[in-house]
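Data first, discussion second: the structure below is written as structure tokens.
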Amino acid sequence: MTVNHYDPKQTTTLNTPKKVIAEQAINTNEQPISASAAKIGFVSLGCPKNLVDSERILTQLRTEGYDVVSTYEDADMVIVNTCGFIDAAVQESLDTIGEALAANGKVLVTGCLGAKKDEIIELHPNVLGVTGPHAYDEVLKQVHQHIAKPQHNPLIDLVPDHGIKLTPKHYAYLKISEGCNHRCTFCIIPSMRGDLDSRPIGDVLGEAQRLANAGVKELLVISQDTSAYGVDVKHKTAFWDGMPVKTHMQQLCEQLAKQGVWVRLHYVYPYPHVDDIIPLMAEGKILPYLDIPFQHANKRILKLMKRPGSSDRVLERIKKWREICPELVIRSTFIVGFPGETEEEFQELLEFLEQAQLDRVGCFKYSPVEGAKANELPDHVPEEVMEDRLQRFMAVQAKISAEKLQARIGQEYLVLIDEVNTEGAIGRSYMDAPEVDGKVYLTDEFDVKPGDQIWVQIIHADEHDVWGVRVED
């Protein structure tokens with residue numbers, strides 16, 4: 001959605017992985033890997049970065065001949081890949097571990113919450129093992145300790161070159177690095193995932209090519225800090241397809257553009273060199289879509305968060321970006337109720353929204369995650385005040401979003417179809433990232449399938465989504 005409606009149990013978990021695992025299990029039942037294959041149940045919680053970790057673990061499991069099932073009851077063991085980003089996500093992870101133990105009894109825990117092993121063991125002492133994030137080899141070792149490797153024929157039980165994906169076949173997340181060098185006071189990710197660790201650019205581009213060759217139409221570039229790609233290796237030059245390529249965000253985007261698919265950038269920290277990416281968007285090389293978590297607008301609050309910038313400087317850059325690329329869509333996330341936030345500082349945030357006219361916005365109340373430095377700050381904002389500010393924030397952004405989407409009526413856009421149901425087709429334009437943004441509804445349009453790209457004229461809009469009709473190419 002364009003404006004996230006608040007849910008007290010809101011987490012970062014995506015809906016798609018659960019659906020895809022269930023679909024893959026059905027396909028496997030139709031064509032079993034092996035009658036004697038050990039069966040693994042898998043639950044992937046958290047954000048797209050965690051989902052990529054799940055994909056890597058599942059790929060190795062399938063390569064070794066393990067079957068993946070979609071129910072606890074059918075599994076010989078269950079792996080829960082957890083999230084520990086905010087309190088609601090921690091509770092979701094702990095509840096899921098308990099649910100898996102009650103239904104199956106044999107459970108391995110991995111992921112971000114696994115960095116707090118003692119807490120998990122204290123609440124769930126019967127888990128078979130706990131590992132932290134991106135601990136792929138350790139997870140496999142623990143599986144082997146409890147369930148022997150199946151006997152299988154790798155020439156029959158083939159795994160695609162691009163591995164197992166927990167997204168529909170037409171889009172995929174491309175993770176370019178692990179960890180983060182920043183120490184934002186509201187965040188504990190560096191303590192869980194470590195400092196920045198960029199993947200070799202040749203590995204990233206090789207994966208992108210395999211995905212494009214497999215029919216993927218959209219690559220969603222993700223990391224903890226996409227703009228910092230290559231900083232840890234001093235942007236060293238490597239080789240790809242016989243040509244030298246720097247381990248740098250701009251060069252990565254230029255090379256990804258050659259794959260002939262949509263390239264969408266997420267988690268972009270507002271470094272100065274982000275300005276150099278906008279011309280690539282204006283030239284149509286990558287999607288004119290920028291996901292930048294600004295977090296706040298007030299300079300004092302940003303300093304307390306250990307985030308850069310001020311509202312005036314950000315507004316100047318946004319104006320410049322839009323002059324270069326008028327079709328640019330900007331998504332961002334914000335925190336209200338950060339410790340010490342005054343009413344005046346919150347009002348400054350609302351004024352920033354009015355001036356910035358951002359296209360896609362998410363908002364969270366401050367969550368005092370255990371271990372976050374911001375918890376030590378004085379003057380925590382009462383819950384009822386945070387809730388009031390959240391609702392006021394959302395009301396302002398909902399009005400902005402509705403007006404911006406109304407302006408799209410009558411225009412034509414290329415739409416990537418995600419789903420076809422009994423009411424018609426549902427897709428996304430370049431303006432919409434899966435699961436977090438709006439959708440394009442095509443009522444009574446059935447002559448398409450997921451992964452198709454068609455031209456659509458927008459005929460109606462609300463504050464979140466748009467409706468359209470198919471037009472000739």
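Which one is farthest from Leu220 (Cα to Cα), of the residues in region 388-402 that are free of Cβ contacts under 8 Å to residues at least 60 places away in the same chain and open to solvent by 10 Å² or more (accessible area, probe 1.4 Å)? Among those residues, the one meeting the criterion is Asp388.
Set side by side, the residues Arg307, Arg322 differ, and just one is basic (Lys, Arg), out of contact with any helix residue (DSSP H, G or I) (no Cβ under 7 Å at 6 or more places or on another chain), open to solvent by 20 Å² or more (accessible area, probe 1.4 Å) and assigned to a helix (DSSP H, G or I), which is Arg322.
Count, please, the residues in region 171-187 that happen to be assigned to a loop (DSSP other than H, G, I, E, B) and open to solvent by less than 10 Å² (accessible area, probe 1.4 Å).
Total meeting the criteria: 2.
Kindly indicate which of Leu377, Leu416, Leu405, Leu442 is under 30 Å from Leu113 (Cα atoms) and open to solvent by less than 60 Å² (accessible area, probe 1.4 Å).
Answer to the check: Leu377.
Of the residues making up region 95-111, those that are open to solvent by 30 Å² or more (accessible area, probe 1.4 Å) and in contact (Cβ under 8 Å) with a residue 12 or more places away in the chain are Glu99, Leu101, Ala103, Asn104, Gly105, Lys106. For region 344-374, give me each residue that is surrounded by fewer than 16 Cβ atoms within 10 Å (Cβ to Cβ) and either under 18 Å from Pro190 (Cβ atoms) or free of Cβ contacts under 8 Å to residues at least 12 places away in the same chain (or both). Matches in region 344-374: Glu344, Gln347, Pro368, Glu370, Gly371, Lys373. If the condition is being of a type in the set (Ser, Thr, Tyr) and part of a helix (DSSP H, G or I), then region 210-240 contributes Thr226, Ser227. Candidates Asp74, Asp87: the one that is surrounded by fewer than 18 Cβ atoms within 10 Å (Cβ to Cβ) and closer than 22 Å to Ile189 by Cα is Asp87. Remark: Glu92 falls outside the filter, which requires a residue to be farther than 19 Å from Leu51 by Cα and open to solvent by 20 Å² or more (accessible area, probe 1.4 Å). The single condition from (1) modelled with pLDDT of 95 or more; (2) more than 30 Å from Asp465 (Cβ to Cβ); (3) assigned to a helix (DSSP H, G or I) that Arg313 fails is (1).
Taken together, the residues in region 435-473 that are farther than 13 Å from Leu405 by Cα and among the basic types (Lys, Arg) amount to 2. Taking Gln255, is it among the polar types (S, T, N, Q) and part of a loop (DSSP other than H, G, I, E, B)? The answer is no for Gln255. The set of residues in region 332-383 that are under 26 Å from the mean Cα position of the chain (by Cα), part of a loop (DSSP other than H, G, I, E, B) and among the hydroxyl-bearing types (Ser, Thr, Tyr) comprises Tyr366, Ser367. Considering region 419-431 alone, what residues qualify as being touching a Gly at 6+ places or on another chain (Cβ under 9 Å) and either open to solvent by 40 Å² or more (accessible area, probe 1.4 Å) or in contact (Cβ under 8 Å) with a residue 40 or more places away in the chain (or both)? Once the filter is applied, which keeps residues that are touching a Gly at 6+ places or on another chain (Cβ under 9 Å) and either open to solvent by 40 Å² or more (accessible area, probe 1.4 Å) or in contact (Cβ under 8 Å) with a residue 40 or more places away in the chain (or both), region 419-431 yields Glu419, Met431. In a residue-by-residue description of region 388-403, the property of being assigned to a strand (DSSP E or B), of a type outside the set (Phe, Trp, Tyr), within 30 Å of Ile454 (Cβ to Cβ) and modelled with pLDDT of 95 or more applies to no position. Put simply, of Val361, Val369, Val381, Val385 the only residue that is β-branched (Val, Ile, Thr) and within 30 Å of Val440 (Cβ to Cβ) is Val361.
The values are calculated or read from the model by the stated rules, or taken from the named source; none is laboratory data. Everything numeric here is computed off the predicted structure, so don't read it as measured data. Reconstructed Cβ throughout: ideal geometry from the backbone, glycine too, with neighbour counts over all protein chains shown. Ligands, DNA and RNA are stripped out before the accessible areas are found, and what is left, the full protein with its side chains, is counted by its heavy atoms. Shrake-Rupley method; radii C 1.70, N 1.55, O 1.52, S 1.80 Å.
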